[in-house]
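Read the figures in this text as sums done on the coordinates, not as results from a lab. Treat the numbers as computed from the prediction; the structure is a model and nothing was measured. Don't worry about glycine lacking a Cβ; one is built from the backbone with ideal geometry, like all the others, and counts go over all protein chains shown.
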Amino acid sequence: MKRYLGLDLGTKTLGVSITDKSNTIIFPYTLIRFKHEDYETAFNEVKEIVEKEDITDIIIGLPKNMDGSLGFAADRTFNFCKLLERLNKNVVMVDERLTSIEAQKILLANDLSARSCKNYIDMQAAVIILEDYLRSIDE
């Protein structure tokens, strides 16, 4: 059976979400912190998660500009995907426009303070990325 991991990549953090074993529930898993653009460190932590949780598919947010074009942030994602290819898993990029804003709204609506939200936004964005992907393959 498939098991999915969702990723929201930044320059110093990587939000991680995961499905339960039945792919019914998606939940925040962890926030990986690393030195500015030290993606090898982030990759090594993802590799451990993939092995530990028996992940088959990795879904990563692809940052696009509002007009749909790709910028420097997309290049960062493409480069990280090259690292992920070492895992021999299915890697899929999905449009992540506005996921951080949506994540912040969800967290604030659930009574997290703006200061507390900062620690959870990337994980919640990873949940949204994974939800969007799973919805797209169910349609």
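For VAL91, enumerate residues with amide H under 5 Å from its amide H, sequence gap 5+ or separate chain, H modeled in the peptide plane.
Under 5 Å from the amide H of VAL91: ILE58.
How long are the three semi-axes of the equivalent ellipsoid of the stretch 1-100, in whole Å, if each is the root of 5 times an eigenvalue of the C-alpha gyration tensor, listed from largest down?
Its equivalent ellipsoid spans semi-axes of 21, 16, 12 Å.
Sticking with the crude label model, points 7 Å out along Cα→Cβ, report the distance from LYS21 to ASN90 in nm, one decimal please.
Going from the LYS21 label point to the ASN90 one covers 2.0 nm.
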